[in-house]
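Notes follow the structure.
The values are calculated or read from the model by the stated rules, or taken from the named source; none is laboratory data. If you're wondering where the values come from, they're calculated on a predicted model, not measured in any experiment. When we count neighbours, we look across all protein chains shown, and the Cβ atoms used for this are built from the backbone with ideal geometry, even at glycine. Protein only, heavy atoms only, side chains kept; ligands, DNA and RNA dropped before computing areas. Shrake-Rupley method; radii C 1.70, N 1.55, O 1.52, S 1.80 Å.
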Amino acid sequence: MSKPAAGDGKGGRIVSSAHLAEGGAPALSEFEYGLIISGNAFERWVVRCMAAAGYPEFNALDVLVVHSVNHRARDKRLSDICFVLNIEDSHLVNYALKKLARAGLVEAEKRGKETVYRTTQEGAGACARYRAVRESCLVETVAALGNFDDAEIAAVARFLRALSGLYDQAARAAASL
């Protein structure tokens, strides 16, 4: 007889797929469920934050791309944006860039064989309004809870970046099967 299924009310873990938690790393299944719901909550947040900043027509990838392009006010190539965001399908990012350009938030410039992207003045303003909404709705709320510990959050961020490398390696291994 197997252990109680995760999240079944009998002291098990909270997971999205109990059959995956029955393997050799049940805590990993619980962690993955946390990633799933956190990822979806984060995407919902960035879309609604951008809408509150005045741009309701963008999806989560569009928002992440405009912030990446705006980062440090440096021109970015498509490959740079894909690399930083860890996005394999450059067509998705290219489509987001075209959508952002049509909205007047980014502009493209050909340099030899490459195209570089930068935020326009309107794009930089949109990112600044997004930041103001973020400060008001998220940062101030987290700070009010008293749980805002920069060192702990930074440690979790480092852990997630390291774990992304493990998932990337596992994806390469699975692709070779």
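A few remarks follow.
- Measuring nothing but protein heavy atoms, the accessible surface of the chain at 1.4 Å probe radius is 57 percent carbon and sulfur.
- The chain: angle of helix 121-134 to the longest principal axis, Cα-based, in degrees nearest 10: 30 degrees
- A Förster distance of 41 Å, applied to the separation of the beta-carbon atoms of ALA132 and HIS19, puts the FRET efficiency at 0.35.
- Over region 89-158, accessible surface divided per residue gives 66 Å², non-protein components excluded, 1.4 Å probe.
- With the helix formula -39500 (n - 2.57) applied to DSSP H stretches of n ≥ 4, the chain reaches a computed 222 nm mean residue ellipticity of -19500 deg cm²/dmol.
- Using alpha-carbon coordinates, inclination of helix 60-70 to the longest axis of the chain, degrees: 50 degrees
- Overall form of region 108-177 per C-alpha gyration tensor (a/c, 1.5; a/b vs b/c): oblate
- Stretched out straight at 0.36 nm per residue, the stretch from ILE153 to VAL116 would grow longer than its current Cα-Cα span by 10.1 nm.
- (1) 50; (2) 35; (3) 59, with the label sought being that of the calculated percent of Cα pairs over 22 Å apart: (3)
- Exposure ranking of LYS113, LYS76 by accessible area [1.4 Å probe, largest first]: LYS113, LYS76
- Relative to the longest principal axis of the Cα atoms of the chain, the long axis of helix 90-102 lies at roughly 40 degrees.
- Lys, Arg +1 and Asp, Glu -1 on Cβ, resulting dipole of region 38-177 about Cα centre, debye, nearest 20: 440 debye
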